[in-house]
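Report on one structure; see the data block that follows.
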Amino acid sequence: MKRTFTQRCLAIAITALMATASFAQSAYFTYNGTRLADGATVTIEAEEDGWGGYACETNPSGNLTGGLMLVNATGSKLSGTATLTITKDNLKPYQILWCMGGTCVNVKSTPYNKDYAVPAKGSIPVQYDAVLDEDNLQYGEMDATIVAKVGAETFTVKVVFTYTDPARVSAAAQQPVVLEYFTLDGKSCKLQQPKGVSLARFSDGKVRKVIKK
Amino acid sequence: MFYTLHHKMARPLSLNRCFRWVCCCITATILAACSNISEDDRLIYVKPADAQRKVLIEDFTGQRCKNCPNAADKIEQLKKEYGEENIIAVGIHSGPLAVYSRGKILGLRTEEGDVYYDHWGVQEEPTGYINRTGAISNIDQWDKLVREAIQQPTPVTMNIYGEYSLKDRKIVINVWTLTNKALDAKLQVWITESGITAQQAMPDGSNNPDYVHNHVFRASVNGTWGTDLHLDEGENKTQTFTFQVPEEWDMENLNVVAFVYDSSGVLQVCEM
């Protein structure tokens, strides 16, 4: 039996609605109030932690909406399990603390699962910290992924904790960097160094001849 | 003989004298009918009634534990609901989220607290042990667990009293226990301190240097796991302990918590 025009429109509308619903996420991560794309990376440098040492913390400040948050975009409470997996560690923190979901744990190995609940239209802090060993401070980086699962949906954020050698930062800051390249006839090449001899304008204000073989 | 008896009986007796003779006879009969009862058997034993059970909350906590202030709030709510004297909480700073004193940071962690943390297999904080029954639980289960525990009758009645000597920094503690059934248990006595200002990590990520900690476990008086307590049905016992208070504690903010426990859990708890 042929469909009427009304029936066809209704079918198209229902299909469109279902498609829209499948793209609408029930939750997402934010960092310092900015919504993150799924799988985005947040890099956090170690700071003094108020306990006499250094730590990297996803939620360090006394600001309820600051730091790394999981936001519930629906009108119902969301419950699920979050999984922390450390993928790289040459930071070697003294402790890895994770307080998301209401209880705090000293994470000794990953993957580590924690249950959580987010109120309707609300948010909860991720509260993931790496406390550095004051007696054996080590410059380095620790990479982790946090996957929050709700039903069949997953939401992922990558967290990179770093503790950078201040001397390296200072030395790098003192080294002049190239701001722009020019051909010998004065044509700007922006930051693309041409082959052969060219001129480079440095951050210390000097222009020098440079060679690229 | 018969004549003599009859003659004697024929002589009229006064009523008063007759009455006296009858009373004497009755009394003599009664006294003669009583058994000889030893002094020890003269009291009648009445089995003590079950007592109102109080609830002990062992709150495993730490100063670096951001959500632990929520447990302190829950304890205060339960104390208001059931009465201060019926809910006895002890904050045991323990495990990797607890802090030892270092530099300017006053730490509340103790080695003894860590023994309890390890023994009960605590994994996360804040978590608690309600009357040492069931499992270590999250604070969202405490309402239900406390309600169930406080409704349980208990065979044990306790009372605690003592003296604080500020000059000698000594506490003399007397714990009186009565049971209505044979008891093979342990008596544990702890010192706690309230009103301690020390830094605490807060749920919003900040560190509060002026946080006031209450019911903090400081030390056990009679060993990490207490001392033996054996009582027969109806028996009562008073045990006395002396504790020397370290200089850095505030004696005026100290409390003494005593509880009786066995393999089934905490049978009774009291606080001074």
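Select from region A:32-108 those trypsin sites (Lys or Arg not before Pro) which occupy a DSSP coil region and have at most 14 other Cβ atoms within 10 Å, ordered by residue number. It would help to have the intermediate numbers written out before the result.
Details: sites: A:35, A:77, A:88, A:108; in loops: A:77, A:108.
Loop-located and lightly packed - A:77, A:108.
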Taking the simple approach of a point 7 Å from Cα along Cα-to-Cβ for both residue B:77 and residue A:40, what is their distance in nm? 3.4 nm
Would you kindly give the portion of the calculated P(r) for the protein assembly as shown that falls above 33 Å, as a percent of all Cα pairs? 59 percent
With no solvent and one point per C-alpha, what does the Debye sum give as log10 I(q)/I(0) for region A:71-213 at q = 0.18, 0.20 Å⁻¹? -0.97, -1.12
Spin-label point model (7 Å from Cα, Cβ direction): what's the residue B:135 to residue A:109 distance in nm? 2.0 nm
Report relative contact order for region B:117-272 in percent, whole number only (criteria: Cα-Cα under 8 Å, sequence separation at least 6). 28 percent
Kirkwood Rh for region B:55-271 from C-alpha pairs, in Å, is 17.8 Å
Quick one: Karplus J couplings for region B:205-210, per residue in order, coefficients 6.51, -1.76, 1.60, θ = phi - 60°, nearest Hz, x for Gly and Pro? x, 7, 10, 9, x, 10
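Which whole-number percentage describes the relative contact order of region B:107-198, with Cα contacts under 8 Å and a sequence gap of 6 or more? Spell out each step's value before the answer.
Numbers: 57 pairs, mean separation 15.4, N = 92.
Relative contact order for region B:107-198 comes out at 17 percent.
Are there DSSP H segments in chain B that both extend 18 Å or more along their axis (alpha-carbon positions) and score a mean Kyte-Doolittle hydropathy of at least 1.0? List them, or say none. Please report the intermediate quantities before stating the final value.
Working: long enough: B:15-33 (27 Å, 1.27); B:68-82 (22 Å, -1.18).
Those that clear 18 Å and a mean of 1.0 are B:15-33.
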Placing unit charges on C-beta atoms (Lys and Arg positive, Asp and Glu negative, everything else neutral), compute the dipole magnitude of region B:55-271 about its Cα centre in debye, rounded to 20. 240 debye
Env charge @ residue A:209, Cβ radius under 15 Å, K,R +1 / D,E -1, value +4
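For chain B, what is the calculated [θ] at 222 nm in deg cm²/dmol (nearest 500), taking -39500 (n - 2.57) for each run of four or more DSSP H residues and dividing by its residue count? Don't jump to the answer; show the numbers that get you there.
Numbers: 5 runs with 61 residues, N = 272.
Result for chain B: -7000 deg cm²/dmol, rounded to the nearest 500.
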Explain nothing, just the number: relative contact order of chain B, from Cα pairs under 8 Å at least 6 residues apart, as a whole percent. 21 percent
If amide H atoms are modeled at 1.01 Å from N in the peptide plane, then the residues at a separation of 5 or more from residue A:28, or on another chain, having amide H under 5 Å from its own are A:71, A:73
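For a Förster distance of 30 Å, can you work out the FRET efficiency between the beta-carbons of residue A:77 and residue B:123, rounded to the nearest 0.05?
Working: r = 25 Å, r/R0 = 0.82.
Efficiency for this residue pair is about 0.75.
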A correct Karplus calculation of ³J(HN,Hα) over region A:26-32, with 6.51 cos²θ - 1.76 cosθ + 1.60, θ = phi - 60°, whole Hz and x for Gly and Pro, returns 7, 8, 7, 8, 10, 10, 6
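No value in this document is a laboratory result; all are computed from the given coordinates. Please read these numbers as outputs of a predicted model, since none were measured by experiment. Reconstructed Cβ throughout: ideal geometry from the backbone, glycine too, with neighbour counts over all protein chains shown.
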